[in-house]
Structures are given as C-alpha cells and as structure tokens.
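What follows is one structure encoded as structure tokens, with my remarks underneath.
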Amino acid sequence: MNILYLDCGMGAAGDMLTAALLELFPQPQKIIDELNTLGVPHVEFSTKKVSKRGILGTHISVKIYGEEEHFHDGHPHTHSHHHAHSTLHDIEHILSHMHISDDLRTDVVNVYNLIADAESKTHGVPVSEIHFHEVGNLDAIADVTAVCFLMNKLSPEKVIVSPVHVGSGQVHCAHGILPVPAPATAHILQDCPIYGGKIKGELCTPTGAALLKYFADDFGEMPVMKVSSIGYGMGKKDFEAANCVRAMLGHTDDSRDQIAALSCNLDDMTGEEIGFAMEMLFEGGALDVFTTPVGTKKNRPAVLLTVLCRTEDEKRMTELLIRHTT
C-alpha cells in the first residue's frame with residue numbers, strides 16, 4: 001500500500017503543504033510549469049531553496065501581479081490590487097474559468113466548503129452569507145488548488161497526518177486579534193488530535209487545517225513503512241524550531257486487508273433474539289458473526305457477541321448492533 005505521511009509538528013499552511021508535496025516529485029520544476037498552466041488568474045508559481053535551522057527545503061512563491069505576499073507584525077499583508085474574492089460563489093466563478101479537471105475543481109470547492117462551514121459556525125451566519133477574508137485572496141486560492149492538484153497527481157492509497165501543532169498565543173486577522181488556534185481552525189480540526197506547545201504564533205492556518213482534514217484518511221503516529229521520498233515545505237516565518245511540513249511517501253509490505261472487530265456483552269436477550277440480530281448483521285455485510293459464552297458481574301451468565309467487518313463498514317455495523325441488541 002502506498003502511504004503519504006504528513007508530519008505537522010510545526011503546523012501546516014497551504015504554501016508549506018504545496019512545497020512539501022512538490023519535493024516528492026523527481027522533477028519539481030516540471031510540476032511548477034504544470035501549476036502555471038492551470039489558469040489561476042494573475043498568479044505565477046515559483047520555488048527557491050531555503051534553510052530553516054540547518055534543514056534544506058523548498059519555499060513556494062505565489063506572485064500575484066508579479067508581487068508576493070509579505071508579512072508585517074506577524075500577519076500577512078497584500079497590496080490593494082490583490083483582489084479578495086470573498087464569497088464561495090466568487091471562488092466557484094474563478095474555478096469555472098480555470099484549466100482544471102472536474103475532479104480537481106470538486107476537491108477545491110470541497111476544501112472551501114469546510115472553511116465556509118467553520119466560518120458559519122464561528123460567526124453564527126448561514127454559509128451563503130460567509131465572506132472570506134485572508135482565505136479568499138488569490139494566493140490562498142492558488143495554495144488550495146496547488147495542494148489538490150499535487151494530491152491528485154500523487155494519488156496515495158492512504159494519507160496519514162501526525163497530531164497537528166497549532167501554536168499558542170494570539171493571531172492578527174481581518175476580525176481583529178483572536179486566540180490561537182483561530183476559531184475557524186479549531187472548528188475544522190474538531191475530532192482531530194491537536195496540541196498547543198510553547199511556541200507563540202499561529203502554526204496551523206484555516207487553509208492548512210481544511211486541506212489536512214479533507215485529505216487525511218487517519219491522524220496518528222507514523223506507521224511502519226519503507227520511505228521512498230521525503231519533502232520539506234518551508235514556512236515564511238522563523239521560530240526556535242524549523243518551521244516546515246515534512247511529507248514522506250512510501251509503502252507498507254503488508255498488502256492484507258484490515259478488518260474491524262466489534263463486540264458487546266449481552267445478558268438479557270434470548271437465543272432467538274440473538275439469532276435474529278446475527279442474521280441482520282450478516283445481511284448488513286458482516287464478514288463473520290459469532291457468540292462466546294462468558295460470565296459477567298455477580299457471576300451472571302452472558303453472551304459475548306462478536307462481529308468482524310471491513311473497516312469502512314464499522315459505523316454501519318455499530319448502528320446495526322445498537323438497533324438489534326439490548
């Protein structure tokens with residue numbers, strides 16, 4: 001199985017993910033040339049090698065009208081002619097005129113839908129009324145498009161993301177001074193493993209969070225794998241630790257399918273009721289269902305019902321267990 005592991009020990013942003021994925025290709029300049037043919041309006045991609053804390057990696061430059069976004073007081077500034085397309089409709093309109101596949105266009109829109117949903121929950125307004133600020137700028141659209149393009153080109157069978165370092169302190173944005181992680185980032189990364197740490201600053205942006213959430217099949221530690229290529233995507237800011245995302249592409253030797261085992265103790269069902277539940281589980285797609293006699297609290301005789309199923313069927317099997325057993 002081909003696996004992409006994203007090490008987000010210093011968070012993630014769209015440009016960092018782009019640069020890290022770009023380094024996985026044997027001829028990155030050819031990929032840059034392809035990115036420049038996608039038709040992101042007024043945008044030109046380029047790269048340069050930079051070193052952070054002694055680690056050599058790639059910085060991706062997204063120039064709009066020939067100028068790159070710059071930072072002041074820790075937050076981004078863009079020139080006035082860098083028009084911000086602030087609604088989801090505006091972004092969809094841009095995408096409709098770009099030279100990209102329908103699948104790629106769908107990926108970009110889905111990433112923005114995650115951001116829009118987070119902004120909606122944060123500000124208490126419908127998604128249709130959301131006005132993007134920083135994430136609606138052309139450079140952000142370029143970053144999202146580039147990451148989606150590279151992920152489609154790599155096509156890993158599984159994407160695993162490390163626990164995400166989000167930083168600490170406060171961040172300046174269009175709404176003023178907000179806590180880190182920014183509310184939209186925190187909402188996007190719900191149910192994902194994140195941590196703060198001692199580094200002051202925003203390490204994971206809403207764009208980076210949405211890209212990780214959209215493409216990740218799982219969050220956790222790096223699995224046992226044979227690594228074939230490694231990429232370092234460098235951020236714009238400097239911290240006491242190397243500010244980069246590390247991407248590792250490789251494969252596992254074990255090609256066997258994985259299955260899930262679900263079980264529950266039952267002490268108040270008849271044999272007929274258990275038999276009916278087993279039939280429903282088999283009809284629902286279980287690979288195997290079996291019972292084991294067990295003793296529970298107060299020496300009460302009971303039955304351990306076990307279900308084996310495909311990992312992608314785990315939720316459905318759980319619902320069937322709850323529906324047809326006590």
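The values are calculated or read from the model by the stated rules, or taken from the named source; none is laboratory data. Because the structure is a prediction, the values reported are computed rather than measured. Ideal geometry is used to build each Cβ from the backbone, glycine not excepted, and the neighbour counts take in all protein chains shown. Accessible surface is based on the protein model in full, side chains and every heavy atom, while ligands, DNA and RNA are left aside. Shrake-Rupley method; radii C 1.70, N 1.55, O 1.52, S 1.80 Å.
Listed by first and then second residue, the pairs with beta-carbon distance under 9 Å, at least 6 apart or on different chains, first residue in segment 16-35 and farther than 16 Å from Tyr232 by Cβ, second at pLDDT below 95 and assigned to a helix (DSSP H, G or I), are Leu35/Ala142. For segment 311-326, what are the residues that are open to solvent by 50 Å² or more (accessible area, probe 1.4 Å) and either touching a Ser or Thr at 6+ places or on another chain (Cβ under 8 Å) or without any contact (Cβ under 8 Å) to a residue 60 or more places away in the chain (or both)? Matches in segment 311-326: Thr311, Glu312, Glu314, Lys315, Arg316, Thr318, Glu319, Ile322, Arg323.
Is it fair to say Val171 is more than 21 Å from Thr18 (Cα to Cα), outside any loop (DSSP other than H, G, I, E, B) and open to solvent by less than 20 Å² (accessible area, probe 1.4 Å)? Against the criterion (more than 21 Å from Thr18 (Cα to Cα), outside any loop (DSSP other than H, G, I, E, B) and open to solvent by less than 20 Å² (accessible area, probe 1.4 Å)), Val171 qualifies. Entry remark, segment 250-280: residues being assigned to a strand (DSSP E or B), hydroxyl-bearing (Ser, Thr, Tyr) and modelled with pLDDT under 95 number 0 in total.
Conditions tested, residue by residue: (1) in a loop (DSSP other than H, G, I, E, B); (2) in contact with a strand residue (DSSP E or B) (Cβ under 8 Å, 6 or more places away or on another chain); (3) within 26 Å of Val164 (Cβ to Cβ).
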| site | (1), (2), (3) |
| --- | --- |
| Leu6 | no, yes, yes |
| Asp15 | no, yes, yes |
| Leu21 | no, yes, yes |
| Ile31 | no, no, yes |
| Glu34 | no, no, no |
| Val40 | yes, no, no |
| Ser46 | no, yes, no |
| Val50 | no, yes, yes |
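Would you please name the residue that is most open to solvent (accessible area, probe 1.4 Å), looking only at residues in segment 184-241 that are part of a strand (DSSP E or B) and under 13 Å from His165 (Cα atoms)? Among residues in segment 184-241 that are part of a strand (DSSP E or B) and under 13 Å from His165 (Cα atoms), the one most open to solvent (accessible area, probe 1.4 Å) is Lys200.
Look at Ala247 and say whether it is in a loop (DSSP other than H, G, I, E, B) and open to solvent by less than 70 Å² (accessible area, probe 1.4 Å). No. Condition (residue is out of contact with any Leu (no Cβ under 7 Å at 6 or more places or on another chain), on the phi > 0 side of the Ramachandran plot and either open to solvent by less than 100 Å² (accessible area, probe 1.4 Å) or not in a strand (DSSP E or B) (or both)) applied to segment 281-290: is it met by at least one residue? Scanning segment 281-290, I find at least one residue that is out of contact with any Leu (no Cβ under 7 Å at 6 or more places or on another chain), on the phi > 0 side of the Ramachandran plot and either open to solvent by less than 100 Å² (accessible area, probe 1.4 Å) or not in a strand (DSSP E or B) (or both), so the answer is yes. Within segment 17-57, the set of residues being open to solvent by less than 10 Å² (accessible area, probe 1.4 Å), touching a Cys at 6+ places or on another chain (Cβ under 8 Å) and among the aliphatic types (A, V, I, L, M) comprises just one member, Ala20.
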